[in-house]
Amino acid sequence: MQQGSFLFYHRGQGMTEYIIIVALIAVAAIGVYSLLGKTVRNQVSGIAHEVSGQSSSQQLNQARSAARRSGTVARQEVTLGNYDEATESGQN
């Protein structure tokens with residue numbers, strides 16, 4: 001009986017470690033997407049326009065602007081006083 005419960009403990013420990021690693025990867029992915037989300041969306045939009053034979057200059061300019069903005073936000077010091085500005089909370 002004791003040996004079976006010991007094996008169950010190790011299986012639970014491995015699953016817990018796996019969940020923690022997956023959660024850390026998810027948090028990192030959310031951070032990267034929130035920083036570069038507008039840039040990626042505009043670049044994909046530009047590609048879609050080019051594939052359909054339309055001009056994508058507007059989307060590419062928007063992607064460049066979003067990339068510059070994300071660089072500025074990344075260099076900004078974030079405190080509790082300016083957190084909304086740094087994360088662009090409330091903006092679409």
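The set of residues in the stretch 50-65 that are surrounded by fewer than 16 Cβ atoms within 10 Å (Cβ to Cβ) and assigned to a helix (DSSP H, G or I) comprises Glu50, Val51, Ser57, Gln58, Asn61, Arg64, Ser65. Can Val51 be described as among the β-branched types (Val, Ile, Thr) and modelled with pLDDT of 80 or more? Yes.
Residue count for the stretch 1-45 under the criterion of being over 20 Å from the mean Cα position of the chain (by Cα), small (Gly, Ala, Ser) and modelled with pLDDT of 80 or more: the result is 1.
Looking at this structure, is Leu36 surrounded by 14 or more Cβ atoms within 10 Å (Cβ to Cβ), in contact (Cβ under 8 Å) with a residue 24 or more places away in the chain and assigned to a helix (DSSP H, G or I)?
yes
The values are calculated or read from the model by the stated rules, or taken from the named source; none is laboratory data. Remember, it's a predicted structure, so these values are computed and weren't measured experimentally. Every residue, glycine as well, gets a Cβ built from its backbone with ideal geometry; the counts of neighbours run over all protein chains shown.
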